[in-house]
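Each remark here refers to the structure printed beneath this line.
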Amino acid sequence: MLVPILLATAQDIVITASLVPEDTASTPASAMVLDLETIDRLGEPLAPALLRLTPSASVESSGPAGSLSQVRIRGAEANHTLLFIDGIRANDPAAGDIPRFELLNADIVSRIEVVRGPQSALWGSDAIGGVVAINGVAARQPARSASLEGGSFGFGRIGGSAAIVSDKAEAAVAVGYQRAQGIDAFSESGEREGYRNLAIRARGSWAFAPGFELGASGFSLAGRSEFDGFDPLTFRRAETLDHSRNRMSAGRLWLSGGDAQRGLSGTVSASQLGSSNRNFVGREEINRTSGARRLFGGQLQYRFTTGPLRHTAVVGLEHEREEFHARDTLYFGASNQDRSRSRQAMTAEWRSELSAMILDVAVRKDLFSAFRDSTSLRASALMRLGGGISLAGSYSEGIAQPTFFDLFGFFPGTFAGNPRLRPERSRGFEASLRIRRGRFEAALTGYRQRLNAEIVDVFDPTTFRASAVNRAESSRRSGLEAELAWSIGGAVRLGANYSYLRASEPGVLPDTELREVRRPRHSGAVFVNGKLGRFVYGASLAYTGARFDNDFDMFPARRVRLKPYWLAGARIAYEVRPGLELFARASNLFDANYQDVFGYRTEGRGFFAGIRLGER
């Protein structure tokens, strides 16, 4: 069920709110979990549609489904969200460290976890807005499934998964392929921009001795997306034949041992990620970037008690190396470059728990090869007041190191990176009131954050060249989040949330503020799913309020207002017999005419139908 973490069932755990998994009712963090049942019942093809239901998240797609999609949590930037896929750090080093959400085929997603607010004391760079973890839980029972779907906009989708479980081993694999002809994002009469992607995920573990486990996980994402680019003479958006081909593959090995419930335990792991992004006009490749990330880490945790207090102490070490490569034909190789950097980190967390009080402190030291070292802190507490009421609060810090493009990006005559940049830093407070009574649960959270040394582009109107600098003034973000959930057995599971956000950056004149673009002040969602006899259903309604964007077709660029919109989706399935299901799905039921990014049209109402065999 898609609910705030405090609204999940008692046996659920949250993976990324601490260095060790926590019971959902015992974490002070603001988080949300979307489980496999809800993912299947809503039936969305791509993960960004599911993330729209997250409080304080702004999701922008630059055109129809499959286009570049960015997620901003609590007013942060797109590269301030840290993505994990099966425990692998998955932000793309070859694309400005942004998560490639548009490549995340929902057929390989078994669980989504979102932790909001700065989390760099636990996870390091990029965790300023929050952390998104895909999957995160292993197979617990044997299962097999296959599905086929087709419908509007030339959409087709096929997927399958399988899991095997024994006393000492388990393994799961999922694969999904989808494609669509799409719509014309520039006008109503031009060529349509479609996409296709193929995604594979695999995970397995083996308990080779009492208390010891060896495991491996991996994923591969590949996509092709068509889009309208810019006229090379006027530099305005135009009907073009641009398309990009993107690939990302990664694998992780780990070895864990000890008693994770009490006493000493630990894990060592190694992961490798590679990515490639190639841009074309027609059949001609104009440039490409590629990146790699290797990460080695180890963690020890010790659980013990002193009288009525239960303690968990955790220490961890990491070593990371990243590479970046750029090639072009458009400028005859002028932007070609090869770069690398490394980072070491030390992390410590201490958690103490009474029946009515939980205290948690985490601190992390990042040692960068190219920047000044950084220390991040998080201190949080949760107090149970009785009667199902609790209070939670935290102070937390976040950092984001400059991207390779910020430092070294180069386009002759238009942009040159700045190798003297330093990491961005954020700090903030949050407090929440939570209620859990029977089948009704609710939460109200308020937060304030400040971003310092923000990296922004600056433009010289005399030379027409741009670069990047650290802003001297601070950007401010604050807001409220209201969440509730209610269930009636398995027949109805209802959730809702509303978010209010104030996100501002320094204005041109001294002591002035300017509302940040692509951040709606008001947003929210209502979602429901359940089972009635042989019918299984899911539906969602997401609201995105008015916000601003920049129109770069004008010089100088002007600020434009994007109108608010509602996005409604629904899926209903009929179980013909056990293991055979027929279903129908609808997207954008209200046929909203909306834009997430100025000048890029999105799809209208769509209808789809399909069949599923087995269960995931």
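Here the relative contact order of segment 345-418, from alpha carbon pairs under 8 Å that lie six or more residues apart, stands at 19 percent.
A probe of 1.4 angstrom, applied to the heavy atoms of all protein chains, finds Phe410 with accessible area near 70 square angstrom. Rounded to the nearest 10 square angstrom, Arg515 shows an accessible area of 60 square angstrom against a 1.4 Å probe.
Once the other residues with Cβ under 14 Å from the Cβ of Ser217 are scored (Lys, Arg +1; Asp, Glu -1), what is the net sum? Could the numbers behind the result be given before it?
On the way: positive: Arg89, Arg111, Arg201, Arg203, Arg252; negative: Asp86, Glu170, Glu213.
Around Ser217, the surrounding residues sum to +2.
Here the Debye sum runs over all C-alpha atoms of segment 386-440 as equal scatterers in vacuum, and log10 of I(q)/I(0) at q = 0.24 Å⁻¹ comes out as -0.92.
Each 5 Å bin from zero holds the following percent of Cα-Cα pairs in segment 519-593: 4, 13, 16, 14, 13, 11, 9, 7, 5, 4, 3, 1, 0.
Give a quick list of chymotrypsin sites (Phe, Trp or Tyr not before Pro) in segment 216-257 that DSSP marks as loop, anything other than H, G, I, E or B, with at most 14 other Cβ atoms within 10 Å.
Details: sites: Phe219, Phe227, Phe230, Phe235, Trp254; in loops: Phe235.
Sites meeting the loop and neighbour criteria: Phe235.
Tell me the net charge near Met554. Cut-off is 15 Å between Cβ atoms, Met554 excluded, with +1 for each Lys or Arg and -1 for each Asp or Glu. Around Met554, the charge tally is +1. Within segment 371-460, list the trypsin sites (Lys or Arg not before Pro) lying in a DSSP loop whose Cβ has at most 16 other Cβ atoms in a 10 Å radius. Passing both the DSSP loop test and the Cβ count: Arg372, Arg420, Arg439. Within the set of other residues whose C-beta is less than 10 Å from the C-beta of Gly490, count the net charge using Lys and Arg as +1 and Asp and Glu as -1. That works out to +1. For the set Ser487, Ser275, solvent exposure ranked by accessible area (probe 1.4 Å, protein chains only) runs largest to smallest as Ser487, Ser275. Structural descriptor for the chain: relative contact order 12 percent, calculated from alpha carbon pairs under 8 angstrom and at least 6 residues apart.
When the surface is traced with a 1.4 Å probe over the full set of protein chains, Met383 keeps roughly 80 Å² accessible. Between Ala542, Ser256, Thr24, the Cα set farthest toward the positive side of the dipole of the chain (charges on each charged residue's Cβ, about the Cα centre) is that of Thr24. Shape verdict for segment 261-320, please, from the Cα gyration tensor: rounded (a/c under 1.5), prolate (a/b greater than b/c) or oblate. It comes out prolate by the Cα gyration axes. The separation of segment 584-613 from segment 286-320, counted between C-alpha centres, amounts to 40 Å.
For segment 340-473, give the magnitude of the charge dipole about the Cα centre (Cβ charges: +1 Lys/Arg, -1 Asp/Glu; no others), in debye to the nearest 20. All intermediate terms of the calculation are to be shown ahead of the outcome.
Working: 20 positive and 14 negative charges, 73 e Å.
For this selection, approximately 360 debye.
Assign one of three labels to segment 189-306, namely rounded, prolate or oblate, based on the Cα gyration tensor with a ≥ b ≥ c the square roots of its eigenvalues; rounded applies when a/c is under 1.5, prolate when it is not and a/b is larger than b/c, and oblate otherwise. Show your work: numbers first, answer last.
Working: a/c = 3.81, a/b = 3.32, b/c = 1.15.
It is prolate, given that a/c is not under 1.5 and a/b is the larger ratio.
For Asp259, Asp511, the ranking by accessible surface with the largest value first comes to Asp511, Asp259, using a 1.4 Å probe.
With each run of n ≥ 4 DSSP H residues scored as -39500 (n - 2.57), what mean residue ellipticity at 222 nm is computed for the chain after dividing by its residue count and rounding to the nearest 500 deg cm²/dmol?
Details: 4 runs with 21 residues, N = 616.
Mean residue ellipticity at 222 nm (helix-derived): -500 deg cm²/dmol.
The values are calculated or read from the model by the stated rules, or taken from the named source; none is laboratory data. What you see is a predicted model; the values in this text were computed from it and never measured. Heads up, the Cβs are rebuilt from the backbone with ideal geometry, glycines too, and the neighbour counts pull from every protein chain shown. Just the protein is used for accessible areas: all its heavy atoms, side chains included, with ligands, DNA and RNA removed. Shrake-Rupley method; radii C 1.70, N 1.55, O 1.52, S 1.80 Å.
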